[in-house]
Amino acid sequence: MTIVHVPAHVPACPLLDSQPAGAQDLATDLRAAAVAVKNVQGRAAAVAAPAWVGDTADAHAHAATGFAHRLDAGEAALDRAVTAADRFGERLAGLLGRRDDLTVRRTGLNAEIDALAAEVVATVGDDRLAEFRQRAAQLTARADDLRVRIAAWGHDEADAEADLVAALRSVDTAAEGATAAVAPGRPETADLARRLRALRGDPVALATWWRGLRRAEQEALTTEHPELVGNADGVPVADRDEANRGGLGRDLDLYTRREEDGQLTHREERILANATHVADGLADYRDLRDTATGTHLTELIAYTPGLHSGDGGVAVSFGDPDTADHVSVNVPGLSTESASLSGNLDKTLALHQAAVADDRGSVASVHWADYDAPSGNPLDPSDPFGQLDFGAVALPGKAEAGGERLSDFVDGLRASDEGAPAHLTAIGHSYGSTTLGHALAAGLPVDDAVLLGSPGVPAATAGELTAAGVWVGSKDRDPVTLLGGGPLGHDPATAGFGGTRFETGDGELRAGELLANHTSYFEGSSLANVAHVVAGADDEVTAQPPRGADDGSHLTLPELLVASSGASAAHGLAEAGVWLWEQAPFGGLR
Amino acid sequence: MAVILDVPYAVLRAARESWDLASDELDGAWRRLARLSTAGLSATVAAAVRGFAEPWADELKAAAGLAAGHAEEFVFFHRRLVIVDRAQAEGLRALLPWADRDAAVREVSGP
């Protein structure tokens, strides 16, 4: 009897006991508390006895001096905890990736073991004995190696947990916090903050400087100045997300307390409302995970709840733009504010999923609403305030100013990008396309630009606008697209403009559907085509003849309104203005 | 006899608001630590997290209470600080910024 020693199956790599997203949430909570403590400690320290006074009786009796000293212990302890939690999350993400790799190798190896066993059983005689024994030996060696690797993975997971536990236990008393506060090597954030401020405006230099900092320095700066780190173009997106979520948590905690005390100022009331909208928007997607890292799929890249006339600013990404092969940046339009976040994120997620489905590489899809979009109605003669805002202020000013902020944001994404430069597509919808147009005209560094439902852009041709590829989605029964040639600029859907108009369908002619025509570019064939552009699948984009081409006839705006409502052109125009204005706050013109 | 702490009303008002803000901010911080997220963490890690969070939540809660107490010591009536005696005035002076530590405490006659 001859024997072939076929190795046993390699057992599965265990599941992670702690999840990367769990570590993220822990770090976020710790950061929010740290931000608050640092704010209070910093204000107390600013009015405390100076250091040269030392431990005199006067200083000892001075309340703010003692308070600042007391809180410094908590600050140091929280800094240690945040850094440890962040490191823990990063190690878990790495372990998850290694586990995926080990699982693939194990599945393949066990299949080979099964195949060999089946062949041995099915073979009569010893003709292939030497071959079987050689294959068995090779499989045994590979199985042993894989078992060692799985065991090492288990040890590394245990080490990661043990390090976090040890770090937390080292500062879980006030005395240990006080010791940590005077420990050598504690980051000095004042100099770091000055340097960070000095580098704003140079995202490449800022990105290089940031990556050279120690983790403890990055974390200390993040909790000392979350608004600075979270909105600094050039800081890695994952670090901006950490800073902004910490700041968001602190805002919710503080202003909720003040609301309960009846102490909110009007400005604080707006900040709390904006923070709540952002938190609610993120909560809608908290169960989505990055499949590669196990971390939350959403990244809060910008958070400015006190800016933009009180509307607040926000940028959220699905996926990490720093590591993705393809990155898109959506710029929404009229009445953009934090309150409209949830609806806009649905559109961005739909685009993200469609682009991922193209299977042309990894994708990150950003919703960017960190500019002061105008309020008001360009069409309603009975709305002089809206006309004033839209006509005298919004048109020349807000799109240009928004374009500058968009350029800074995209420059930051380019600077923090890792590996080969991502294929980057900027998408502007409605007034956002005008904002994007101004950014493009100023040299926005993107590979492709998509103009959706555009009322106009500040150049007569695509070539004058940008060197990037220009794609246009424009439904002929979307009244906003028929505003082109007016104060907002040129209609990019015309043949003379020279962009690539893609298929969106014309939309319904009924008056009640005109709004839907303007707000449905992230659906159907239009969404599919935008996703193809984002994923670099240009060959899959289906074209639509531009306006003015032989087969590109269309109605003018008055003709469309008359045809859709049966009313006179003037009456139709006024009605449409009222209708556009009324719908805007509810997600219409975004 | 009345007692006066010789500090501008705006400074006094700012001091009160500063202690009040400190109380609110620390109040939010200790509450967050008290409900720190341990979802998605192993039992070992979750226990360590609780072991860290509980004492610091207690510490920040105590600090928040102290700040609230300081804020409440500033009682105003018709834009004037209400002081009953010299000891209280000196106590309030210790709650002001260091730059105002030498503010005079004076006894004056009349209403």
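Laboratory data are not the source of any read-out in this text; all were calculated from the coordinates shown. In this text the structure is predicted, and so the values were computed from the model without any measurement. We place every Cβ from the backbone using ideal geometry, glycine too, and count neighbours over all the protein chains shown.
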Fraction of beta bridges assigned by DSSP in the protein assembly as shown that are antiparallel (%, nearest 5) | 45 percent
Filtered hits (lysines, Cα-Cα < 26 Å from residue A:475, offset >= 8 within chain) -> A:347, A:398
Within segment B:16-94, report the chymotrypsin sites (Phe, Trp or Tyr not before Pro) that DSSP leaves as loop and that have at most 16 other Cβ atoms within 10 Å.
-> none
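Segment A:139-244: which GluC sites (Glu not before Pro) are DSSP loop and have at most 12 other beta-carbon atoms within 10 angstrom?
Values: sites: A:157, A:161, A:176, A:188, A:217, A:219, A:224, A:227, A:242; in loops: A:188.
Listed in order of number, the matching sites are A:188.
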Around residue A:441 (Cβ within 13 Å, Cβ-to-Cβ, excluding residue A:441; K/R +1, D/E -1) the net charge comes to -3
Could you quote the convex hull projected area for segment A:477-535, Cα atoms only and averaged over all directions, in nm²?
-> 4.6 nm²
Calculated from backbone phi, Karplus (6.51, -1.76, 1.60) coupling profile of segment A:78-90 in Hz, x at Gly/Pro | 5, 4, 4, 5, 4, 4, 5, 5, 5, 4, 4, x, 5
Which value, to two decimals, describes the C-alpha radius of gyration of segment A:158-287 once divided by 2.2 N^0.38 Å?
-> 1.26
Mind pulling the angle between the C-alpha long axis of helix B:9-34 and the longest principal axis of chain B? Nearest 10 degrees, somewhere in 0 to 90.
-> 10 degrees
With no solvent and one point on each alpha carbon, what is the Debye value of log10 I(q)/I(0) for chain A at q = 0.09, 0.11 Å⁻¹?
-> -0.79, -1.03
Taking the alpha carbon gyration tensor of segment A:453-575, what are the square roots of 5 times its eigenvalues, largest first, to the nearest whole Å?
-> 25, 17, 12
Given the candidates B:88, B:98, B:63, the one whose Cα lies deepest towards the positive end of the charge dipole of segment B:2-108, counting +1 at each Lys or Arg C-beta and -1 at each Asp or Glu C-beta, is B:63
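Given the Cα atoms of segment B:2-108, and with Rh set as the inverse mean 1/r over their pairs in the Kirkwood sense, what is Rg to Rh to two decimals?
Details: Rg = 19.3 Å, Rh = 15.9 Å.
That ratio equals 1.21.
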Using a basic spin-label model with each label point 7 Å from the Cα along Cα→Cβ, how many nm lie between residue A:198 and residue A:148?
-> 5.1 nm
Points 7 angstrom from Cα along the Cβ direction at residue B:84 and residue A:173: gap in nanometres?
-> 4.0 nm
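Treating only the Cβ atoms of Lys and Arg (+1) and Asp and Glu (-1) as charged, compute the dipole magnitude of the protein assembly as shown about its Cα centre; round to the nearest 20 debye.
On the way: 59 positive and 104 negative charges, 277 e Å.
Charge dipole, the protein assembly as shown, about its Cα centre: 1320 debye, nearest 20.
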Mind checking which of A:266, A:48, A:283 is farthest towards the positive end of the protein assembly as shown's charge dipole, using Cβ charges of +1 (Lys, Arg) and -1 (Asp, Glu) about the Cα centre?
-> A:48
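Stokes-Einstein at 4 °C, 1.567 mPa s, Kirkwood radius from Cα pairs: D for segment A:79-213 in µm² s⁻¹? All intermediate terms of the calculation are to be shown ahead of the outcome.
Details: Rh = 20.1 Å.
The calculation lands on 64 µm²/s.
Run lengths n ≥ 4 of DSSP H only: what is the helix-derived mean residue ellipticity at 222 nm for chain B, with -39500 (n - 2.57) per run over all residues, to the nearest 500? Intermediate results must be reported in sequence, preceding the final value.
Details: 3 runs with 65 residues, N = 111.
Rounded to the nearest 500, the figure is -20500 deg cm²/dmol.
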Cα-Cα separations in segment A:155-215 greater than 17 Å, expressed as whole percent = 61 percent
Grab the beta carbon distance between residue A:126 and residue A:158, set R0 = 51 Å, and tell me the FRET efficiency rounded to 0.05.
-> 0.65
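What value, in deg cm²/dmol to 500, does the helix sum -39500 (n - 2.57) over DSSP H runs of n ≥ 4 give at 222 nm once divided by the residues of chain A? Kindly include the intermediate steps, with their values, before the conclusion.
On the way: 20 runs with 313 residues, N = 590.
The helix-only estimate for chain A comes to -17500 deg cm²/dmol at 222 nm.
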For segment A:201-261 the trypsin sites (Lys or Arg not before Pro) that pass both the DSSP coil test and the at-most-13 other-Cβ-within-10 Å test are A:214
